[in-house]
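Notes to accompany the following structure.
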Ligand code: B12
């Protein structure tokens, strides 16, 4: 089904309207933009003009969706309550807003049998114009030499205070010229700042200073910080302390 720009908006706007108040952001992209940059092993098998949406969580998702989700008691015995909560929220918004569409929903933590991620979240966020992906190869003659360094996305308003949660692929919805690619803002532009960002993300990511590489409009609340600083294996215990889980286990 070929779509005009009006129709792109008819898909994007309802999802935005339902996910934005819950602390998420939604950005459209074409599968072809993603496939143009990733290696053959990471290609997504849809036609180049297929419409997709990348979903980010912003700081307020924790209070708007996660704490209420905990209150419902849904997270007893789940591997990762955040992933569970995000999956439930995204799935229900998609089926409510796009009941007529076949949507493949891929989450950031999902892996293929060969243990590669099902989609590269940072690349998707970059090509959608949501958050610029700073890669080690963006720095010429880097001070870290040949050491393996990971890249990091920076959001123009949230710095590093967000996560990339899902890619929604609208199967059979082809958009052609109706969707134009926009460059994500280059908010960390000097060579020195890029070096600082990549060093923080790789060498001291636990102190979260990479998230403040630019001044952010919003960041994680003290309660959210406490949750994410707690190692995943100890989060159940923390939730119990907060009174969200039953005492007996
Ligand atoms: C596996 C993984 C890890 C592994 C390995 C990291 C890695 N990058 O390979 C480990 C365990 C080390 C890790 C650690 C962390 N991770 Co991690 N991780 C992932 C995961 C699941 C997959 C990443 C991956 O395998 N990449 C594969 C490599 C090959 O991809 P790549 O290097 O980007 O290469 C591609 C691009 O370069 C692209 N490309 C080529 N040319 C061009 C040109 C352009 C312009 C573009 C845009 C792209 C592009 O093609 C290449 C592939 O062919 C992602 C979620 C996801 N589904 O993507 C989160 C993710 C990258 N991690 C994240 C985070 C936050 C972390 C941690 C801070 C811990 C945490 N969760 O708080 C640490 C920090 C890193 C560190 N210092 O250890 C965030 C990053 C958010 C951000 N702002 O960028 C992600 C996106 C998760 C999320 N939900 O938001 N992680």
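Coordinate-derived values only; no laboratory data. Treat the numbers as computed from the prediction; the structure is a model and nothing was measured. Using ideal geometry, Cβ is built from the backbone for each residue, glycine included, and neighbour counts are taken over all protein chains shown.
Quick notes on this structure:
- Alpha carbon centroid spacing (whole Å) that separates the range 45-78 from the range 136-172: 20 Å
- Extension gain, residue 221 to residue 38, is 62.4 nm, computed as 0.36 nm per intervening residue step minus the present C-alpha separation.
- Pairwise FRET efficiency - residue 146 versus residue 20, Cβ, R0 = 51 Å, nearest 0.05: 0.75
- Protection-proxy order for peptides 91-102, 113-124, 27-38, each taking the mean of Cβ atoms within 10 Å per residue, highest first: 27-38, 113-124, 91-102
- For the range 208-249: rounded, prolate or oblate by the Cα gyration tensor [a/c cutoff 1.5]: prolate
- Here the ratio of the Cα radius of gyration of the range 104-249 to 2.2 N^0.38 Å is 1.25.
- Cα-derived Rg over Rh, computed across the chain with Rh taken as Kirkwood radius: 0.97
- Based on C-alpha pairs under 8 angstrom that are at least 6 apart in sequence, the chain has a relative contact order of 25 percent.
- Size descriptors for the range 128-207 (Cα atoms only): Rg and Dmax, in that order, 15.4, 46 Å.
- DSSP beta bridges confined to the chain are antiparallel in about 95 percent of cases.
- Alpha-carbon centroid distance for the pair the range 26-40 / the range 178-249, whole angstrom: 24 Å
- Per-peptide average of other Cβ atoms within 10 Å, ordering 43-54, 62-73, 156-167, 222-233 highest first: 156-167, 43-54, 62-73, 222-233
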